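The structure under discussion appears below in the form of structure tokens.
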């Protein structure tokens, strides 16, 4: 019988795998992955191994508004152990440059 601690460790492992998968998704106009850009607001995995991701885009008028969330969903659902992925797109709070990691800011010349 699994302990609560083992279940929590498995969920944390899945969340880490999800983060790594998301780091392979790039905005086609910016040479930095969407995680480092600060577009991912939340990654959660429930007890049924369903992933819930809350994300934004750099702009509500982003030309890839459909393709990036779909790509995130596909990459996450491809992870062994994930039953399903729900990607929620939000613009609250609106994205701004300060949400980028230092690595992304350096890469894009903001530091």
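Observations, loosely collected:
- On Cα atoms only, tilt of 67-77 relative to the major axis of the chain in degrees: 20 degrees
- The GNM of the chain, with springs linking C-alpha atoms under 10 angstrom apart, assigns the highest mean-square fluctuation among 18, 53, 88 to 88.
- Per the Debye calculation on segment 4-107 with a single equal scatterer at every Cα and no solvent contribution, log₁₀ I(q)/I(0) for q = 0.12, 0.20, 0.22, 0.24 Å⁻¹ amounts to -0.39, -0.99, -1.15, -1.30.
- Calculated FRET efficiency for the pair residue 13/residue 106, C-beta based, R₀ 41 Å, to 0.05: 0.90
- Only helices enter the 222 nm calculation for the chain: every DSSP H run of n ≥ 4 contributes -39,500 (n - 2.57), and dividing by all residues gives -10000 deg cm²/dmol, rounded to 500.
- Residue 61-residue 4 pseudo-label distance in nm [points 7 Å out on the Cα-to-Cβ vector]: 5.1 nm
- Degrees, to the nearest 10: 4-22 long Cα axis against longest axis of the chain: 30 degrees
- Among 62-70, 27-35, sorting by the average number of other beta carbon atoms lying within 10 angstrom of each residue, highest first, gives 27-35, 62-70.
- Its relative contact order, with pairs defined as Cα atoms under 8 Å and 6+ residues apart, puts the chain at 27 percent.
- Taken along its principal axes, the alpha carbon cloud of segment 33-86 reaches lengths of 34, 17, 16 Å, longest axis first.
No value in this document is a laboratory result; all are computed from the given coordinates. What you are looking at is a predicted structure, and each value in this text was computed from that prediction instead of being measured. Methodologically, a virtual Cβ is constructed for each residue, glycine included, from the backbone with ideal geometry; neighbour enumeration extends over all protein chains shown.
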